[in-house]
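Structure first, then comments.
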Amino acid sequence: MSEDITGVSSDVAEWQREKVQEFWTPNRKLLKSIRDYQNHASGSGVIANLLKRVAVLRHRFWSVITGADIPLNGQLGGGLSIPHPNGIVIHPLSVIGVNCLIHQQVTIGIKRGDAGAPVVCGHVDIGAGAKIIGNIRIGEHALIGANAVVTKDIPAFAIVAGIPAKVIGSTQKLSNEH
């Protein structure tokens, strides 16, 4: 079996990546508000409804502070890392896998006339300014270069760059390495 060079799982969420450690960590506070909303959205009763509304207000606040457009009802895998969330736009129907890294100014959205949204599998690193558009699938452990425009499926372990994005390498270890 081949391994990705970083050793980060594409299946098991590393929740520590999202944990709020200081007061002023807008990126993690934004993610926490989304997680809190999703936890309380399925609940019923006055307390759950109140906590859900508080999470919505926190989400709006941190969205303004960060300049990110990440939906409350988005399908975001655990361990998501957004070190500089400014300008990140994620379509509500998009699926983001576990332990992904999304840099600033990334757009993950749909094309006019497309029936579906992008699916980004586990442990995908997306460089600053990249655009992932259309009903496509990004394979696990892929690396998308800065400002790449991805409009077609990307295989697992691929390194892609360019406009349009093309495979330029692999994040896979060779089987004979130790």
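The values are calculated or read from the model by the stated rules, or taken from the named source; none is laboratory data. Keep in mind that what you see is a predicted model, and the values were worked out from it rather than measured. A quick note on method: Cβ atoms are made from the backbone with ideal geometry, for glycine too, and the neighbour counts reach across all protein chains shown. Quick note on the areas: whole protein, heavy atoms, side chains included, nothing else; ligands and nucleic acids left out. Shrake-Rupley method; radii C 1.70, N 1.55, O 1.52, S 1.80 Å.
What to note about this one:
- Angle between the chain longest axis and helix 46-66 axis [Cα atoms, degrees, rounded to 10]: 50
- Placing +1 on the Cβ of every Lys and Arg and -1 on the Cβ of every Asp and Glu, with nothing else charged, gives region 99-178 a dipole about its Cα centre of roughly 280 debye.
- Annotation: the antiparallel percentage among DSSP beta bridges lying fully within the chain is about 20.
- Note on region 87-177: Kirkwood radius taken over Cα pairs, Stokes-Einstein applied at 20 °C and 1.002 mPa s, translational D equal to 168 µm² s⁻¹.
- In region 14-96, the convex hull through the Cα atoms has an average projected area of 5.3 nm², a quarter of its surface area.
- About the Cα centre, charge dipole magnitude for the chain (Lys/Arg +1, Asp/Glu -1 at Cβ), debye: 700
- Gyration tensor (alpha-carbon) shape descriptor, the chain, a/c threshold 1.5: prolate
- 3J(HN,Hα) couplings calculated from phi for region 149-165 with the Karplus curve 6.51 cos²θ - 1.76 cosθ + 1.60 (θ = phi - 60°) are, in sequence order, 10, 9, 10, 10, 4, 10, x, 4, 6, 7, 10, 10, 7, x, 10, x, 5 Hz; Gly and Pro show x.
- Net charge of neighbours whose Cβ lies under 12 Å from the Cβ of Val20, counting Lys and Arg as +1 and Asp and Glu as -1: +4
- Where Val12, Val95 fall by accessible area, highest first, once all protein chains stay in place (1.4 Å): Val12, Val95
- Taking other residues whose beta carbon is less than 9 angstrom from the beta carbon of Gly134, and scoring Lys, Arg as +1 and Asp, Glu as -1, yields +1.
- Calculated from backbone phi, Karplus (6.51, -1.76, 1.60) coupling profile of region 8-18 in Hz, x at Gly/Pro: 7, 6, 9, 10, 9, 5, 9, 4, 4, 5, 9
- In the full protein context, the chain carries 54 Å² of accessible surface per residue, based on a 1.4 Å probe and ignoring ligands, DNA and RNA.
- Summing +1 for each Lys or Arg and -1 for each Asp or Glu among the other residues whose beta-carbon sits under 12 angstrom from that of Ala165 gives +2.
- Partner lysines whose Cα lies under 16 Å from the Cα of Lys52, excluding those fewer than 8 positions away in the same chain, are identified as Lys29, Lys32.
- Set of lysines near Lys152 by C-alpha distance (under 17 Å), chain-local residues within fewer than 8 positions excluded: Lys111, Lys131, Lys166
- For the chain, carbon and sulfur atoms together expose 57% of the accessible surface, with a 1.4 angstrom probe and every protein chain in place.
- Summarising the amide proton neighbourhood of Arg137: residues at separation of 5 or more, or on other chains, whose placed amide H is nearer than 5 Å comprise Val119, Asp153, Ile154.
- On Cα atoms only, tilt of 26-41 relative to the major axis of the chain in degrees: 70
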